[in-house]
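Engineer: Sharing a structure here in structure tokens format.
Any read-out appearing in this document is the output of simple, stated calculations on the displayed coordinates, not a laboratory observation. Keep in mind that what you see is a predicted model, and the values were worked out from it rather than measured. Cβ placement follows ideal geometry from the backbone for every residue including glycine, while neighbour counts extend to all protein chains displayed.
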Amino acid sequence: MTGVVGAAGGLGGFFPPLVMGAVDSVAHDYTWGFVLLAVTATAAGAPAATVVRRRARVTAGA
């Protein structure tokens, strides 16, 4: 599990600055970069709040 968490942290520290820089170079504004970051976080949080929690309850109950 440590490797998965470390990989997620590495990707989380690598891609957002690249996206923010690309958005700033095109739009000369960081607003759309923050919007993309918020949409990505929401898209990642939705399964964690539903599917993963449901599976954790089923596993804990078994």
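Engineer: Give me the net charge of VAL35's neighbourhood, meaning all other residues with Cβ under 15 Å from the Cβ of VAL35; Lys, Arg count +1, Asp, Glu -1.
Structural biologist: Result for the neighbourhood of VAL35: -2.
Engineer: Can you give the calculated 222 nm mean residue ellipticity of the chain, where each DSSP H run of n ≥ 4 adds -39,500 (n - 2.57) and the sum is split over every residue, rounded to the nearest 500 deg cm²/dmol?
Structural biologist: Only helices count here, giving -28000 deg cm²/dmol.
Engineer: Quick one: give the max-minus-min coordinate of the C-alpha atoms of the chain along each principal axis, largest first, in Å.
Structural biologist: 53, 23, 8
Engineer: List, in order, the whole-Hz ³J(HN,Hα) value for each residue of the stretch 18-28 obtained from phi through the Karplus relation with A = 6.51, B = -1.76, C = 1.60 and θ = phi - 60°; use x for Gly and Pro.
Structural biologist: The phi angles translate into 5, 5, 4, x, 5, 5, 5, 5, 8, 9, 6 Hz.
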